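Reading through the structure tokens given below for one structure.
The values are calculated or read from the model by the stated rules, or taken from the named source; none is laboratory data. What you are looking at is a predicted structure, and each value in this text was computed from that prediction instead of being measured. Positions of Cβ are backbone-derived with ideal geometry, glycine not excepted, and every protein chain shown enters the neighbour counts. Accessible surface areas use protein heavy atoms only, side chains included; no ligands, DNA or RNA. Shrake-Rupley method; radii C 1.70, N 1.55, O 1.52, S 1.80 Å.
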Amino acid sequence: MSAANQDIANELAEAIKAAVRKRTPLTITGSGSKRFYTGEAAGEKLDVTGHRGIVSYEPTELVITARAGTPLAEIETALADKGQMLAFEPPYFGPAATLGGTIACGFSGPRRPYAGAARDHVLGARLINGRGEILHFGGEVMKNVAGYDVSRLMVGARGTLGVLLEISLKVLPKPAREITLGFATTVDKAIATMNTWSAQPLPLSAACHVDDTLYVRLSGSELGVQAARAKLGGKALDKSDEFWGDIREHRHGFFQGDAPLWRLSVPPATASMDLPGQWLLDWGGAQRWLRSDAPAADIRRETETAGGHATLFRRAGQNGASFHPLPPAVAALQQNLKRAFDPEGRLNVA
């Protein structure tokens, strides 16, 4: 770590120690691109955007380490220059999106079911806990099995367990060929088809159903993609990258409008659900987006019956996402983790 960035890390640690002494809560503040999801926490702002830059990148090792304030665009540009990518295809939700915000929210894009989630690609992390201590977990190699996998606990924790300083990620080569095929079909037939194809040796990298059309993306070698296309049929989409970018960034017409946006996580083979509203099925049916004014209790009850959970992802006037209530045992575990990492409860307290 450079002297300048070490100074920034030390300043952030001292700010946390001061907040503990003053009994003042802190809001970890980055680019703000995910604020609709994290909400506006109480207390003083702790600006982490100055802690940025790629620390190391070893293309032959498929590993990159970057500071949490580094823009995603900077990281993806560096990877693209070497023909590589972040395999979990993270959404930005804003041009200034940073690596830290993406990992803290645990966001993954359409490639998630086939290449893994953000959590699956985190190898290690440096962070500051709620005592102002700088800690290092994990490593910068793919084979790292020593100790507890604390670094992956930070994925989706929304900054409640610590301030991320650096993250090491596994990356993958970009596919040589990629196409998207469209099939006019009903939602129930699409669910059955997506699950059937997922069990076959096909180079799938995305699958969603919207507007009575099933879209599947094939990624891999030229020969592999062409063979899969010949087997599946369908109509090739002219602007494949643009389509999946619109799904990932919520620019698609489905996501426009004022109706509350729900994110449902259910087993991918779950049949179409008896809830009013508009649907978009992503992740091969495992992630289902619902635009609906139905009562929250009804949506969550139906989702629980299917063996999943529902999050009110975005709603006008809402301060952050509204998450599905946790079972008592899981809630107790989360509270214990919070006390271990942030015993005074100073970080990102709602």
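Could you tell me which label, among (i) 0.95; (ii) 1.02; (iii) 1.25, carries the value of Cα Rg over 2.2 N^0.38 Å calculated for this structure?
(ii)
Contact order normalised by length for region 221-350, with contacts defined as Cα pairs under 8 Å and 6 or more residues apart; what percent is it?
Value for region 221-350: 20 percent.
For the chain, set up a Gaussian network in which alpha carbons nearer than 10 Å are linked by springs, and say which option among Gly245, Gly30, Gly307 fluctuates the most.
Comparing Gly245, Gly30, Gly307 in the GNM, the peak value goes to Gly307.
Using a simple charge model, +1 on the beta-carbon of Lys and Arg, -1 on the beta-carbon of Asp and Glu, nothing else, what dipole does region 177-314 show about its Cα centre, in debye to the nearest 20?
300
Just by accessible area at a 1.4 angstrom probe, what is the order of Ile167, Ile8 from largest to smallest?
Ile8, Ile167
Quickly estimate the mean residue ellipticity at 222 nm for the chain, helices only: each DSSP H run with n ≥ 4 gives -39500 (n - 2.57), and the total goes over all residues, rounded to 500.
Rounded to the nearest 500, the figure is -8500 deg cm²/dmol.
Could you please state how large a percent of the accessible area of the chain is carbon and sulfur, counting protein chains only and using a 1.4 Å probe?
Carbon with sulfur: 52 percent of the solvent-accessible area.
Any chance you could get the radius of gyration and Dmax over the Cα atoms of region 53-124, in Å?
Both quantities, over Cα of region 53-124: 11.3, 31 Å.
Quick one: compute the contact order of region 8-173, relative version, from alpha carbon pairs under 8 angstrom and 6+ residues apart, as a percent.
Relative contact order here is 25 percent.
Find the accessible area per residue for the chain; the probe is 1.4 Å, ligands and nucleic acids are left out, and the unit is Å².
Per residue, the chain has 46 Å² of solvent-accessible surface.
May I ask for the angle, rounded to the nearest 10°, between helix 72-81 and the longest principal axis of the chain, with both axes built from Cα atoms and the value confined to 0 to 90°?
60
With charges only on Cβ, +1 for K and R and -1 for D and E, what is the dipole size of region 99-255 about its Cα centre, in debye, rounded to 20?
The dipole magnitude comes to about 260 debye.
Positive end of the dipole of the chain, charges at C-beta (+1 Lys, Arg; -1 Asp, Glu), about the Cα centre: which of Thr196, Pro343, Phe323 has its Cα farthest in that direction?
Working it through, the farthest residue towards the positive pole turns out to be Pro343.
Which listed residue (Ala227, Pro71, His136) has the Cα farthest towards the positive end of the charge dipole for the chain, taking +1 on Lys and Arg C-beta and -1 on Asp and Glu C-beta about the Cα centre?
His136
So how do 217-229, 152-164, 119-131, 52-64 stack up, highest first, on mean other-Cβ count within 10 Å?
Ranked by mean Cβ neighbours within 10 Å, highest first: 152-164, 119-131, 217-229, 52-64.
Report, in degrees rounded to the nearest 10, the 0 to 90 angle that the Cα long axis of helix 222-232 makes with the longest principal axis of the chain.
50
Working with all protein chains in place, sort Asp298, Asp47, Asp81 by solvent-accessible area computed with a 1.4 Å probe, largest first.
Greatest to least solvent exposure: Asp81, Asp47, Asp298.
Taking amide H positions as placed in the peptide plane 1.01 Å from N, state which residues far from Thr29 in sequence (5 or more) or on other chains have amide H under 5 Å from it.
Those qualifying (amide H under 5 Å, at least 5 residues apart or on another chain) are Leu46, Asp47, Val48.
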